[in-house]
Structure formats: C-alpha cells, structure tokens
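Read through the structure below, which is laid out as structure tokens, and then see the notes.
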Amino acid sequence: MRAVEGPRQMAAVLEAALSAGINHLETAPAYGPAEAYLGQALAALDARDPGARAELVLTSKLLPGTDLAAAQQQLRDCLARLGSPQLDNLAVHGLNRPEHLEWALGGPGSELLAWALGEGLAAQVGFSSHGSNELIERALASERFSFCSLHVHLFDQTRLPLARTALAEGIGVLAISPADKGGRLYDPPPELSTACAPFHPLELAYRFLLEEGISTLSLGAAQPSDLIWARCWQAGELQGAAPALAAALQRLQQQAAEQLGTDLCGQCRACLPCPNAVPIPELLRLRNLAVGHGMEAFAQERYNLVGRAGHWWEEHNATTCNRCGDCLPRCPHQLPIPVLLADTHQRLAAAPRRRLWG
Ligand code: SF4
Ligand code: SF4
C-alpha cells in the first residue's frame, strides 16, 4: 500500500521483506499503482528464485458494490497485474456497512466469491473491515469467510474479543497497520517510549499482537527500514522476554491512570447509543491517548479525519454532541461525557491531513 513511488521502491521493500522472513504480501487495486509494482517485483523474483516466489502468500482485495461482471473483470485484472493465476486470499475490501455484507453474502459479491473459488482464482475468501463490531460479528458468523483484516491494536483493543472469537473458530486475523493506524508508533512521543522501555513502542505493539495469536501483522512498509522489527525477530533478537512484556503493559496502564485520573474512559461502550450518533468511545479513546500517553500527534491526525473518510472512519466529531445528557447515567465511571468531548475537540481539532488511500 505504501511503496508506491515506483517499481524500484517496491522491489527494495520486497527484497527486505524476504530477508526478514516475511511470507505474506497484501495489496489491493485501490492502492493506486501498488499492485502493478508488486507484480513487477514478483516477476523479477520468480525469474531469479522461483522457489522463493512460490512460498509467498498473496492477498488482494476488491471493493464491494459492483455488479458480477465488473467484479469478475476486476479480479482478472488484479491477477494479471500480479502475474499470478491465483490469489491465496481474496478479500472484500472494506466490508464497512450492512449493504457491503449483503453484497458479499447474497448479492453479486456472493456470486463473485463462489466463482473465484470454483474457478480456482482464489484459494480462500475473507474480508477487511473498518465497520462496527456488530457488523464484523455478523460477517464472522456467516461462515462465508476464512480470514479477516481488522483494526486490532495495543492502543485500540475494542475488536480484540472479535479477533479472539475468529481465531478460536479457525478464521485467520490480519492486524491492519499496527505501526501507523495503531498509533504512529514508528515516531513515538518520549513519554510513551519511557513507559514501554525496554521495548520500543512499536516492538511492544507487535509483541502484544503476536502474544494474542494474531495470524498476520501487516507492517505497511514504504521502505526497507520500516521492516527493522521483522528483521530483529527473524534474527532471534526479540525472544524470551515475557515478564518484561507484561511489566511494560502494566506500566502503560499506570501511565494512563496517572495522567487521566478520573477522566480515563474505560472503553466499555455502555454510553451508546447516542441519539446524535456521536462515537463517544472512539473520540474519548483519542483523548485517552493524547492525555494519557502523549500521543497527541496521532490523536490529532485521526480526529481530523472524522467526517472526511466516508465509511472508512467515524462520521461525527465531538461538536455533534448537543449535551442532551442521555449518555450520562449509562457510564459506569460517571464521566462528564459532554465536557470531555468538548475538551477532546479543543485539544485535537486542527487542519486536516490528506488520507493515503480509500
Ligand atoms: S450528551 Fe452528547 S454524547 Fe451524550 S448522548 Fe447526548 S448528544 Fe450524545
Ligand atoms: S460508558 Fe463511560 S467509560 Fe464506557 S466507553 Fe462510554 S464514556 Fe467510556
């Protein structure tokens, strides 16, 4: 997704990935030229080392909503760009709304997935989702999908129970972008680094997900140096520190509790639903991160994407709260939710940044 400056950049990232022991490549037509560049890099690899090419697991994703003929053509085009007769994993890209699930289970998407499997164009089918927990739960329960890509992160554990359910049922779980969407952890604030020591915050986040049994970590590399933790893992430099891991996670909790005091949002979601559709837990999670761990830059980036990324992210920011008070008696921590939402907006509202893809 990120190595899109040109074929040479993609080839360098693929080379670094292989030497770091990475065996799963995930891309999508929606990532601009990424698929074509990856196809070129894979062709070069196949020419010099067909065995290495054959061992790679390849995933791509098609956006929902198109008719069957168009979707079939998209898949053929995708395979042609990648230079592969089959995808190991074909995902519905962004199963974010109920209509997307309907498309995949009963509409043209259902026919597409059956056709792809029947023709041997995909070995298994799955989905990625930025949607609600309820929607993801329905998708997992449909028995249609063999894998899913979810936002499960050290600093966003709302979907962790869903991931655990999926894994228990043999459904693979790919963690979407732990480095970037998981908190801009490649560029941590000093107080976060202190709390995570002796681990780098990104290393801690990766370790946390691996400990949870997550099947694949999507590293989102734009350049070979983004794969440093995978290289260390491959070299066996990150083994045998389970007590230190538990201690670092404990310190993170302490840090949040000390910095936020009685304002800490426990992310229980009991305050929902809000009559004005304010995504209270998501907005207060950003406040938790900014105040609790100094992750203001990340929180600002995410907050200012609210309402600007369609169904890929939240649609209403804190200004949608009209202080009706409906949520107040539902919060087990008696948080002054409207006051905290106003504070969230004051802290985080800033000039918007460009979103990379989708
Ligand atoms: S006080 Fe604000 S956040 Fe709470 S329910 Fe009312 S509108 Fe929603
Ligand atoms: S009920 Fe309170 S603690 Fe729970 S998510 Fe809502 S605001 Fe946070």
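The values are calculated or read from the model by the stated rules, or taken from the named source; none is laboratory data. As the structure is a prediction and not an experimental result, all values here were calculated from the model. Counting neighbours? That spans all protein chains shown, and the Cβs are built from the backbone with ideal geometry, glycine included.
Observations on the structure shown:
- Condition broken by residue 264, with the remaining ones in (1) closer than 27 Å to residue 97 by Cα; (2) within 16 Å of ligand 2 (Cβ to nearest atom) satisfied: (1)
- Total residues in the stretch 280-312, condition assigned to a loop (DSSP other than H, G, I, E, B) and buried (at least 20 other Cβ atoms within 10 Å of the Cβ): 3
- The listed residue being modelled with pLDDT of 95 or more and away from ligand 2 (no atom under 16 Å from the Cβ), out of 315, 301, 296: 296
- Meets criteria (crowded, with 20+ Cβ neighbours inside 10 Å, within 16 Å of ligand 1 (Cβ to nearest atom) and under 19 Å from the mean Cα position of the chain (by Cα)) for residue 204: no
- Test: residue in the stretch 36-50 that is within 29 Å of residue 159 (Cβ to Cβ) and either under 19 Å from the mean Cα position of the chain (by Cα) or outside the structural domain of residue 232 (by TED's automatic domain parsing) (or both): no
- Check on residue 247, crowded, with 19+ Cβ neighbours inside 10 Å and either away from ligand 1 (no atom under 16 Å from the Cβ) or aliphatic (A, V, I, L, M) (or both): no
- Residue within the stretch 27-38 that is out of contact with any strand residue (DSSP E or B) (no Cβ under 8 Å at 6 or more places or on another chain), touching a residue at least 60 places away in the same chain (Cβ under 8 Å) and surrounded by fewer than 18 Cβ atoms within 10 Å (Cβ to Cβ) present: yes
- The stretch 180-205, residues that are outside any loop (DSSP other than H, G, I, E, B) and either touching a strand residue (DSSP E or B) at 6+ places or on another chain (Cβ under 6 Å) or among the hydrophobic types (A, V, I, L, M, F, W, C) (or both): 192, 195, 196, 202, 204, 205
- The set of residues from the stretch 235-265 being over 25 Å from residue 202 (Cβ atoms) and in contact (Cβ under 8 Å) with a residue 12 or more places away in the chain comprises 262, 263.
Residue-wise test of (1) among the polar types (S, T, N, Q); (2) under 20 Å from the mean Cα position of the chain (by Cα).
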| position | (1), (2) |
| --- | --- |
| 12 | no, no |
| 19 | yes, no |
| 23 | yes, yes |
| 27 | yes, yes |
| 32 | no, yes |
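- The set of residues in the stretch 92-107 that are surrounded by 15 or more Cβ atoms within 10 Å (Cβ to Cβ) and farther than 19 Å from residue 313 by Cα comprises 103, 104, 105, 107.
- For the stretch 208-230, a residue qualifies if it is under 16 Å from the mean Cα position of the chain (by Cα) and either closer than 10 Å to residue 154 by Cβ or part of a helix (DSSP H, G or I) (or both), and the qualifying residues are 208, 209, 210, 212.
- Selection of the stretch 329-344 for residues being surrounded by 13 or more Cβ atoms within 10 Å (Cβ to Cβ), over 26 Å from the mean Cα position of the chain (by Cα) and more than 7 Å from ligand 1 (Cβ to nearest atom) yields 330, 331, 333, 335, 336, 340, 342, 343.
- Some residue of the stretch 258-277 being in a helix (DSSP H, G or I) and within 14 Å of ligand 1 (Cβ to nearest atom): no
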